[in-house]
Structure formats: C-alpha cells, structure tokens
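The values are calculated or read from the model by the stated rules, or taken from the named source; none is laboratory data. Predicted, not measured: the structure shown is a model, and the values here were computed from it. Backbone-built Cβ (ideal geometry, glycine too); neighbour counts: all protein chains shown. Calculation scope for accessible area: heavy atoms of the full protein, side chains included, ligands and nucleic acids excluded. Shrake-Rupley method; radii C 1.70, N 1.55, O 1.52, S 1.80 Å.
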Number of protein chains: 2
Amino acid sequence: MRKEYLMTPGPTPVPSEVLLAQARPMIHHRTAEFDAVVKNCAEGLKYVFQTEESDVLIFASSGTGAMESAIANCFCAGDKVLVTTNGKFGQRMQQISKAYGLDVHLLEYGWQQVVSPAAIAEFLQANPDTRGVVVTQSETSSGVLNDVKAVGAIVREYPECVFIVDSITGIGAVDVKTDEWGLDVVMTGSQKGLMLPPGLAAVSVSPKAWKAYERSTLPKYYFDWKKYKKNLADNTTPFTPAVSLMIGLNESLKLMKAEGIENIIARHARLAEATRKGCEALGLELFAPVEGRGNAVTPVWVPEGIDGKKLVNIMKNKHGVTVAGGQDDYVGRIFRVGHLGYFGDFDIITTLVALEMSLAELGYEFEPGSGVKAAEAVLMSEGE
Amino acid sequence: MRKEYLMTPGPTPVPSEVLLAQARPMIHHRTAEFDAVVKNCAEGLKYVFQTEESDVLIFASSGTGAMESAIANCFCAGDKVLVTTNGKFGQRMQQISKAYGLDVHLLEYGWQQVVSPAAIAEFLQANPDTRGVVVTQSETSSGVLNDVKAVGAIVREYPECVFIVDSITGIGAVDVKTDEWGLDVVMTGSQKGLMLPPGLAAVSVSPKAWKAYERSTLPKYYFDWKKYKKNLADNTTPFTPAVSLMIGLNESLKLMKAEGIENIIARHARLAEATRKGCEALGLELFAPVEGRGNAVTPVWVPEGIDGKKLVNIMKNKHGVTVAGGQDDYVGRIFRVGHLGYFGDFDIITTLVALEMSLAELGYEFEPGSGVKAAEAVLMSEGE
C-alpha cells in the first residue's frame, strides 16, 4: 500500500464526507428532498461568490461550459469584446469568443505577466462601443493572479459593457468580491475550491449582465441562463441536474460555511506562501511574477540540468505525490503544485519533502530539509 | 426505517458497485489510470450502441446537452430539418432547432400516437433538400416507442440528410442497432439504461454525420464533436471530464457487458410486459398505443374518480415507492412506472403491490392480488 496525495490544481482532493454523500442511493430530482438541495446550493454559492445582487446558476458541465455560457448569453454576433490573455485559459475564452463570431480584440501578455488594468482603460476610452471585457482572474496554467478589482472599477464606468471573470481557480482560494468589485459574470468549476469531483460549473450573473442577456441573439439552449433562473425560483433546474454532484456540493458548502470564506482565503494564502518559501529555500525559482501570484497553484521552474518530466514522475511513481507539469511551451520546464480546496499544512510539508527526495535522486544539489524548514517557519508565524 | 424504491424513468437506481466506485478518492484526469477509464468507457458505449462505424463521444452534461450538440454540429442556420414530435422530448428537439435558427418543419402527433415513417418518406420526397430528420425513439413522457428502424431505411436514401435519434430512454432498454438501421446520431444520458447518476451524456456520430459536421457553421465550443473525437484518439477528453461519473460508467459498463446487450433488452421487455399485464389486470388502462409501447417506462391512466396526484403521493409517502406523475396536459391524469436500468422481477412486484394498496385506500374497486398474479404469470412464462 502507498498513500496517494493529489497536489494538482484540479481535480483536487474531495473530503470523505463529500465522497460518501455522493454514494447515497439515487433520489429523484423532482422531490421536496432534492428541492432543498438546490436551494441550499444556490444560497451557499452566493455566499462563496460574495454576492447578493447576482444570481448564481449551476450547470451540469465542466468549467468550459460556464465559460461558453458567458459568451453565448451576453452578446450578439459581431459585438466588440476585449479578451485579455496571459495563459491557457485566457486563450480558451478567446477561442470561444471567435467560435461565436464576436469581433474579438486582444490584449495578449506572456504567461509570466499580469494583465494591465491601465491598458484596458485605454482600450475602452478608444473603443467606447465595447460590449464586454474578459479577464482570467487566476490562471491555472501559470499561477498568475490578475487584478480584477482594478478592472472592475474601470469597466463599471461603461454601462453597456459587461465584465466577465474566469475565476475557475479563483473562487474559494483568493478574494472574489463579486458585488463590491463590479464583477458581472464570474465562473467557477466544481473540482477546484469547491472540493468536489468535476462535472458541475457555476456562473454568477449581475443585473448588468441580465441587461446584456436581454439584448443577446446568439443561439443557446442548454446553457441558456434564463431557463436556469426561472427554475431556480422554484428550487429546481430546467434539465436533469447532476444529482450526486449536487448532493456533494450541498455537503462541501456546509464545510465552507463552517470555516468561513475569510478563513478559507487566509488558509490558502498561508499554504501558498509556505509552498513558495519552501521552494525558494531549495534554490528553485518561482514562475509567476511577484506582482501577481495567486494562492491556488504555485508553478516552479525546473532547475537547469534537471528533466522536469522525470521529476514529476518520480514524485508520483515513487512517492505517491501527484503534482502537475507545465502546459504548452512549458511542458517539462515547470511543475505546478496545487493547493486549492481541501488542503492543510501537512499536505504542503509532504509535497516539499517528496520534492526534496526526488530532486536529490536526480542529482540536484541543495541542503536537505531546508525547504521544509522554510515552510514550517511560514506555517508557524502565519498561524499565530 | 422504510425501504425506498425508485421506480422513475430517470434518475434510475444505481447499483451499489457503481455508487461506491464513485466514492473512491479523486484521481487526476491526465494519468494512465484515467486514460484506461476513458478507453473502456468509449469501447463499452460502442458495444451498448451496437456500433462499429460510429464514434461515441461522452460529455459532462445532461442528455439535453447531447441533444443540442446534434443540432449545433450537423447544421447551418436556415437548414431545412424535419422534427417529429409525439411528446415532451420531441418538443425539446423542436425548441433547440428553433433556437439555432434552423428552418424547422414539424410532423406533430398526439402523445398517444406513433410517428409515421410513411409521412416522413412523403415529406422527404417533396423536400429532397432536407438536411436532417429528428425522431425521439422512446418518449419518456408518454412511453411511446417510435419505429426508428423503418425511418432509418427511408433517410438512408438521402445522402445529404442525417437521421438524428433521441434514444435517451431507449439505449439499454430497447434494441438500438445504430449501424444496421442507419442511425446517424444517437443520444443517451447516464441516468437511464446506463444505471448511473445524471451528469453524463453520450452521442454516437456516423460517417454521414461527420460529413454534415464538416459543412456545419453553427457556433459551438463545449459540445464541438471534433474536439472530443480528436482527444478520444489519445484516450482523453478536451475539457475536464466528470471523473467520478466516468469511473462509475466504467463499472456499469462492466455489468452490462457481463449480462450481454441482448439479455438486457430481453429483461426490459419482460419487466415491461409484467408491468403492463399487472396494471391491466387491475382494470387500469395503458396510455401508450398497442403499436408503440416501449420497455423503459409504462404510463398508465389514473382511473375515473381517483386523484392521480394523491395516488402517486400515497405510493411514495406511505409505501416508499416513487413513480413519476404525468407531464404537461397529463399532470394528475397518468402515472408512469419506470423500469429502465437496474431493475429485476421483484421491483415490479413491489410496485404493483404498492399500487394495489394505494388504489384500495383511495376506494378504487378491484380484486386485491390480481395485479401481482398477472405479473407473476408473465415473469414465470417469459423466464422459461
């Protein structure tokens, strides 16, 4: 027997309470029992999304479905939108916008750069007819955190322009003040901060986004927001919901409410800082820039002379610790430690020790124990 | 404690082996372990769909997502399609086709009628430019079974016209010979014959449907078939799959292969016949016409003078047996007994006894035990 540790930025570990809730005998979705589940999930998500003004709708789909819903429900073909990209998921929003025939303008950044709110402000000044701005809050591919609070303040000045935020690895890991920051559409997926298996996605829709919906003529059906809103008023769903995952969500939201959203965000900040300090103490270089480091995932450069794929394989196959590799241009060049959702101090310690042992095996030179020592210091001081 | 029996046409009961497989600790979806799950699921579904020529693609969505995918992937705006309706789900295909701006022609039937293959042949003769024909094989709302074999033979003569079959409650309950009958696109959902919780949908795509795909210009992304096909070649998925449901599907397909698709279909025929004969012996009238009775669900008229909602409530609240009520015009007028998926002889017996007890309580006059007796006779004779 070997214990397995899933340290990836999604899927993330699922608490046993949630796993077992999903193994309960199947119930029908048009029953008082399940109506209560839908009601609790919708209310719990509003708490997690920190919103009272927006509706939070739930789809049986992965996060990409929610991303597509944002485009299909807010726009008409030919609408001018500004899509910012600094990683794989920003690129996906670009692809979806193009698939729907929008007039897509790009602000493209490298994977190690943050999106510039000033550049967005400049674009909107020059293009006041822009109908939407899209930003990935937390880039899973690069660990970069973009400042959606600053962008929200800018887009708010344009009454015809909605602000769409991919927060798939943001919600439940970093602060997302949907109402206060003016985030019109915010998306997440279940296999992230919500501590569930993949298969559910949620999207918040502000009053401004509902106005965009009324104007939108793009074809939609399964992801048609209004159908979900109408049914949610009766604590139900327009199409058969993913019953077992919803029952799981009901459980995980109980855990999240018990901990409190501020505490959850603080825990993620602590674990991320411990991971960063631990890696740096080993002489490793962090991938994300200082000005934009998220708390969901920590990408780290593989040191010179070390084979990144081998490193990830040794960690997994010898030590049972699964971290993610790099994507696209960064395959084999970076590894990514997820600490998003159901994670505690000793998951970080475990990962750092597995990393030390694997680096040693590959001939990398460092002071054994130094990574753990640095992390321990963070975990002690921050816990005070 | 009261034992609960879920006798609805979806969600349907999930075998404990499958429920527990889904409660296993989460694994990452880009691993050799999960690749094997994807491979087995894709192969197993081809077996269940009785196809070698078609690809079977799996979405994280409910069945409606697969229905939408058929429209978005096969057509261009303005394409002429013939949509047949004789129940709630045919109407949904009509709504989706309209949402995507197709030139929708309707062959509308009452909920107690079967779709006429001759009328389809006539329409195609008069409209040889038709790009698609849509038929609901097994109408969950009415229990009616439409003859898709006959329609397949007709549509096959039109090389530019694809035949789209909603078999959401057909697959795993009645015969679906995808290749032999010329069914170009066949859809199902997980919470039906596949014995899973809801949250997965599958769609088969024939070579003829792939030709339609190449021509199609409708916007699509999350349900874009080609993305799934491309990834399936590497035993993976374009977007994060519903990992726990896929692991469940892997288990349920093992159970289905062990029983054999012919035996599964024969079992459903037996259970449906026992249900029908049992109800008739109680003096109740079946809803679906003799020429088109499916084996997934048996809708039954509520007898004169009995309150249908009360009947369903007593069965559920007093006896723990959940059957479905009627939909739309038939709310309170019919009840529907599901026997689709994980069902055996004694589930039918249990339901008929609960029905007898509930009818007796409501003052309906009949010979107690007569329903069970008739069902027992079917179950014995057919089991020989």
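Just the residues that are of a type in the set (Val, Ile, Thr) and open to solvent by less than 10 Å² (accessible area, probe 1.4 Å), please, taken from segment A:1-50.
Across segment A:1-50, the qualifying residues are A:Thr8, A:Thr12, A:Val18, A:Val38, A:Val48.
Here is a yes/no grid of residues against (1) in contact with a helix residue (DSSP H, G or I) (Cβ under 7 Å, 6 or more places away or on another chain); (2) open to solvent by less than 10 Å² (accessible area, probe 1.4 Å):
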{"position": "A:Ala70", "(1), (2)": "no, yes"}
{"position": "A:Thr84", "(1), (2)": "yes, yes"}
{"position": "A:Lys88", "(1), (2)": "yes, no"}
{"position": "A:Arg92", "(1), (2)": "yes, no"}
{"position": "A:Ala99", "(1), (2)": "no, no"}
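Can you pull out the residues in segment A:326-339 that are free of Cβ contacts under 8 Å to residues at least 60 places away in the same chain, over 11 Å from A:Ser142 (Cα atoms) and open to solvent by less than 30 Å² (accessible area, probe 1.4 Å)?
Selection gives A:Gly332 alone.
Evaluate the following for A:Ser244: is it crowded, with 22+ Cβ neighbours inside 10 Å and more than 10 Å from every other protein chain (Cβ to nearest Cβ)?
no
Which condition number in (1) under 23 Å from B:Asp179 (Cβ atoms); (2) more than 13 Å from every other protein chain (Cβ to nearest Cβ) is the one that B:Glu280 fails?
Result: B:Glu280 fails condition (1) only.
Could you list, in sequence order, all residues of segment B:26-54 that are more than 13 Å from B:Asn250 (Cα to Cα), of a type in the set (S, T, N, Q) and either within 14 Å of chain A (Cβ to nearest Cβ) or outside any loop (DSSP other than H, G, I, E, B) (or both)?
Passing the criteria: only B:Thr31.
Quickly run through segment A:189-231 and pick out the residues that are assigned to a helix (DSSP H, G or I) and surrounded by fewer than 18 Cβ atoms within 10 Å (Cβ to Cβ).
Across segment A:189-231, the qualifying residues are A:Pro207, A:Lys211, A:Glu214, A:Arg215, A:Lys226, A:Lys227, A:Lys229, A:Lys230, A:Asn231.
Out of the residues in segment B:247-277 that are away from every other protein chain (no Cβ under 14 Å) and β-branched (Val, Ile, Thr), state the one that is surrounded by the most Cβ atoms within 10 Å (Cβ to Cβ).
B:Thr275
Can we say A:Gly65 is at the interface with another protein chain (Cβ under 8 Å from one of its Cβ atoms) and open to solvent by less than 10 Å² (accessible area, probe 1.4 Å)?
Spelling it out, A:Gly65 is indeed at the interface with another protein chain (Cβ under 8 Å from one of its Cβ atoms) and open to solvent by less than 10 Å² (accessible area, probe 1.4 Å).
Restricting attention to segment B:157-169, which residues are within 23 Å of the chain's Cα centre (by Cα), assigned to a loop (DSSP other than H, G, I, E, B) and of a type outside the set (A, V, I, L, M, F, W, C)?
Listed by number, the residues that qualify are B:Ser167, B:Thr169.
Residues in segment B:160-178: is at least one over 22 Å from B:Gln50 (Cα atoms) and either surrounded by fewer than 24 Cβ atoms within 10 Å (Cβ to Cβ) or not basic (Lys, Arg) (or both)?
The answer is yes, given that some residue of segment B:160-178 is over 22 Å from B:Gln50 (Cα atoms) and either surrounded by fewer than 24 Cβ atoms within 10 Å (Cβ to Cβ) or not basic (Lys, Arg) (or both).
Do we find a residue being at pLDDT below 95, within 14 Å of chain A (Cβ to nearest Cβ) and under 30 Å from B:Leu249 (Cα atoms) anywhere in segment B:340-363?
No, segment B:340-363 contains no residue that is at pLDDT below 95, within 14 Å of chain A (Cβ to nearest Cβ) and under 30 Å from B:Leu249 (Cα atoms).
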